[in-house]
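Novice: Have a look at this one before I ask anything.
The values are calculated or read from the model by the stated rules, or taken from the named source; none is laboratory data. Remember, predicted model here, so these are calculated numbers, not experimental data. Virtual Cβ from ideal backbone geometry, glycine too; neighbours counted across all protein chains shown.
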Amino acid sequence: MAMTREKQERLSEDIHLLGDILGHVIRRQAGIEIFELEERIRALAKARRVEADPAVDRRLTTVVGQLDPAEAELVARSFTTYFELVNLAEEQHRVRVLRERERDAHPQPVPESVSDAVATLHRAGVDEFEMRQLLNRLRIDLVFTAHPTQAKRRTVLAKLRRIAAALTDLDVRDLLPAERAALVERLTAEVTLLWVTDRSRTTRPTVTDEVRTGLFYFDNTLWDVLPAIYDDMTDALAQYYPALRPPDNFLTFASWIGGDRDGNPNVTTDVTIETLRLHRGLALEKHRVNTRRLDRSLSISDDLAPVSDELATAVRAYGELNAHLAYLRDRYPNETYRLHAAQLGADLAEASAGDMVGRLRGKPVPALRMRRMENLLEPLTLMDRSLRDGGMADITHVGLDRSLTQARVFGLHAARLDLRQYSEYNTAVLDELLGRLDWCIGFGALDGPGRAAVLSDALARPAPDLTTLDNLSPETSETLDLFRVLKRAVDYYGPELFGPYIVSMTHGPEDILAPLLLARWHGLSPGEDGTEGLRFAPLFETRDDLRAAPDIMAALFAHPGYAPHLERVGRRQTIMIGYSDSNKDAGYLAANWELYQAQEALADGCRAHNVVMTLFHGRGGTIARGGGPANRAILAQPPSSVAGRIRITEQGEVISDRYSHPAIAARHLQQVVHAVLIASAPEHYRLQVRPLPEWTAAMDELLSLIHISEPTRPY
């Protein structure tokens, strides 16, 4: 969309405001000499961009070359801060455009939104039965990864977010002159704080630093953005399919950070434990804040409105009260809803203060009321049901409905933690263990079918007592330690903590059977209740593995050791495909065509085996790593390969761009859900383009012209 003069002027005003504030800060904090030096370099650089002039080049080279280290650092700091502020101004401009588009489109839905997708399906003729089937299948998982690591400290990210929030206030609030002046003062204070804050960490970032950075976006953006996406889906269905409701968790998040062991020796069991603690701690505190708001707002008198017997009984049966709850019961004896919300808050506070690390390490620690998602959902649902049955559904909009959505989406763990390990690592661990158990000597030296046969036999045997084995290698000891922790976590907190266990460089069924055996030995497959504590996902990356993937999965589905596991997970299978490694292996064009064909073949193979497939796309931010606009990328997948279910990595280099600002995060998520809905429509409605035979023939011919022996490298 071309910028109107008004839009250009507003963007220019924001840039000039922030530039003037930064100039003021530089003069105050670094001195007039540094300010004049920075302005001189900036003017020369601008002149150089306008016209190629050797004299300007020489002058710029001279000025920069004469800087001493202290001056160079301050000038670099000036430009770094300036470009950060300009980026915020451009971000606010994006938000301004998004708001204008929504305003102009009303009452029609915004293109590439959830409402637009539902309206498109309705116009195409998708009936209620077909839409219900699509919604029942709908599951979108976006997965944060750490690489490349976010360079900015969380302290700096937080300051930039506050500046962005102030820009939004300037844009959308009806400010009095004094209010605007106060807001400019606030901006000046934040820019000053940004200037005097160290940009570099004093130590190399640890994995847990990366975990905290990932959770920054959950805390500051996603916690409030996701419920709005669910509200949009509810509203769209109410308009076009009034008999239908959206699934409870069709859009969720997971993370590799703290669970990805492939190529990162710093991800240890202790790191994974701390990651789980951080995930759970954030969720508990966010839910606790919600319940604090609820116990203040739900001041419903039992004398003025009905209270269900079920809710009243739950409040009376709570048990021993702490001092705060006793005070509330004495002060508000006739406000059952308030007391119930306060009791829930007390349970969350107790869980937040609990020793999760000790519990996962096997230490005896006190039991908790708040262990799993259902412990949170039950009291919230009870309040919601009581209000609706009492004719007070409108009251749910004071925050209870949003709290319920956040409970269903985030649970008590903010984001599920994926685990990933290299296939050869698991093979080496089992080579040692099977040898020490005298079950198989030389397991690692066997070919794939040979290892699969050994694993089949091992899966059929009773689990051995691994505690009798001593003097194990560090790698094997670490692996057994991890699985013991996973067992404790699943038993107490539930399998909802974890996403799939991903096996990178999967070359055959044996590479999935290996972690399945380790899980079985530790009581995870199946668990004591007969369900699976872990699920397993192959990652196919090389050209050869992508071509072999359909046959590998067919063999795995039929394998006597894996088939019972597949049944216990409802015949649902996640299959991951890699983009960056396949590009390195085959070149950009060849890799993308191989990926496309592999997805088609995998989708056909899973349907033939009555398996519900979720394709997990290991995309990066750059084109060489499969990056690009998310909406177009999803719509470009082979027809019928999405079918309502998809997983996509959100790599470190795009997380900040997509999830720093709530409005931009909401737009990105709207586009993702829109694309998945459209790509999942029944094929006979022709909402997704199916390649013509001559197109596929042309691609095959292009690939035949590529010198496979010397693949083109993307970088």
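Novice: If you go through the range 497-529 one residue at a time, how many are out of contact with any strand residue (DSSP E or B) (no Cβ under 7 Å at 6 or more places or on another chain), of a type outside the set (A, V, I, L, M) and in contact (Cβ under 8 Å) with a residue 12 or more places away in the chain?
Specialist: Total satisfying the criteria: 12.
Novice: Pull up the range 662-690, narrow it to residues that are assigned to a loop (DSSP other than H, G, I, E, B) and in contact with a Leu (Cβ under 9 Å, 6 or more places away or on another chain), then point me to the one that is surrounded by the most Cβ atoms within 10 Å (Cβ to Cβ).
Specialist: Once the filter is applied, the top-ranked residue is Ser680.
Novice: Now for a separate question. Give the residue that is surrounded by the most Cβ atoms within 10 Å (Cβ to Cβ), with candidates limited to residues of the range 462-496 that are without any contact (Cβ under 8 Å) to a residue 12 or more places away in the chain and not in a helix (DSSP H, G or I).
Specialist: Applying the filter and picking the extreme gives Asp465.
Novice: Going by the structure shown, is Asp581 over 19 Å from Thr649 (Cα atoms), surrounded by fewer than 21 Cβ atoms within 10 Å (Cβ to Cβ), of a type in the set (Asp, Glu) and at pLDDT below 90?
Specialist: When the stated conditions are applied, Asp581 does not pass them.
Novice: Do any helices (runs of 4 or more DSSP H) lying entirely in the range 125-236 carry at least 3 residues that are touching a Pro at 6+ places or on another chain (Cβ under 8 Å), and which ones are they?
Specialist: Because the criterion is at least 3 residues that are touching a Pro at 6+ places or on another chain (Cβ under 8 Å), the helices (runs of 4 or more DSSP H) in the range 125-236 that meet it are 128-137.
Novice: Please state which of the following conditions Ser504 fails to meet, knowing it meets all the rest: (1) under 24 Å from the mean Cα position of the chain (by Cα); (2) within 23 Å of Leu368 (Cβ to Cβ).
Specialist: For Ser504, the exception is condition (2).
Novice: With free of Cβ contacts under 8 Å to residues at least 24 places away in the same chain and either under 30 Å from Leu482 (Cβ atoms) or assigned to a helix (DSSP H, G or I) (or both) as the only criterion, which of Ala349, Ala326 stands out?
Specialist: Ala326
Novice: To continue, here is another question. Restricting the search to the range 386-425, which residues are surrounded by fewer than 21 Cβ atoms within 10 Å (Cβ to Cβ) and part of a loop (DSSP other than H, G, I, E, B)?
Specialist: Once the filter is applied, which keeps residues that are surrounded by fewer than 21 Cβ atoms within 10 Å (Cβ to Cβ) and part of a loop (DSSP other than H, G, I, E, B), the range 386-425 yields Gly390, Gly391, Met392, Gly399.
Novice: Could you list, in sequence order, all residues of the range 241-295 that are surrounded by fewer than 22 Cβ atoms within 10 Å (Cβ to Cβ), part of a loop (DSSP other than H, G, I, E, B) and either of a type in the set (D, E, K, R) or on the phi > 0 side of the Ramachandran plot (or both)?
Specialist: Listed by number, the residues that qualify are Arg245, Asp248, Asp262, Gly263.
Novice: Any idea which of Phe83, Phe129 is among the aromatic types (Phe, Trp, Tyr), exposed (fewer than 15 other Cβ atoms within 10 Å of the Cβ), within 40 Å of the chain's Cα centre (by Cα) and under 24 Å from Arg10 (Cβ atoms)?
Specialist: Matching residue, one of Phe83, Phe129: Phe83.
Novice: Within the bounds of the range 230-240, is there any residue that is in contact (Cβ under 8 Å) with a residue 60 or more places away in the chain, in contact with a strand residue (DSSP E or B) (Cβ under 9 Å, 6 or more places away or on another chain) and crowded, with 17+ Cβ neighbours inside 10 Å?
Specialist: yes
Novice: Further question on the same structure: Pick out the one residue from Leu74, Leu44, Leu37, Leu67 that is without any contact (Cβ under 8 Å) to a residue 60 or more places away in the chain, surrounded by 12 or more Cβ atoms within 10 Å (Cβ to Cβ) and not in a helix (DSSP H, G or I).
Specialist: After applying the criteria, what remains is Leu67.
Novice: Go through the range 352-373 and give me each residue that's touching a residue at least 40 places away in the same chain (Cβ under 8 Å), at negative phi and not charged (D, E, K, R).
Specialist: Across the range 352-373, the qualifying residues are Ser352, Met356, Val357, Leu360, Met370, Met373.
Novice: While we're on this one: Is it the case, given these coordinates, that Pro693 is surrounded by fewer than 17 Cβ atoms within 10 Å (Cβ to Cβ), at pLDDT 85 or above, over 30 Å from Val172 (Cβ atoms) and not basic (Lys, Arg)?
Specialist: yes
Novice: Moving to a separate point now. When you go through (1) more than 28 Å from Ala537 (Cα to Cα); (2) touching a residue at least 24 places away in the same chain (Cβ under 8 Å); (3) surrounded by fewer than 21 Cβ atoms within 10 Å (Cβ to Cβ) one by one for Met383, which number turns out not to apply?
Specialist: If we test Met383 against (1) more than 28 Å from Ala537 (Cα to Cα); (2) touching a residue at least 24 places away in the same chain (Cβ under 8 Å); (3) surrounded by fewer than 21 Cβ atoms within 10 Å (Cβ to Cβ), just (3) comes out false.
Novice: Filtering the range 352-377 down to residues that are outside any loop (DSSP other than H, G, I, E, B) and among the small types (Gly, Ala, Ser), which residue is farthest from Asp309 (Cα to Cα)?
Specialist: The selected residue is Gly358.
Novice: Another one. Select from the range 296-307 the residues that are outside any helix (DSSP H, G or I) and under 38 Å from the mean Cα position of the chain (by Cα) and write down the one among them that is surrounded by the fewest Cβ atoms within 10 Å (Cβ to Cβ).
Specialist: Ser299
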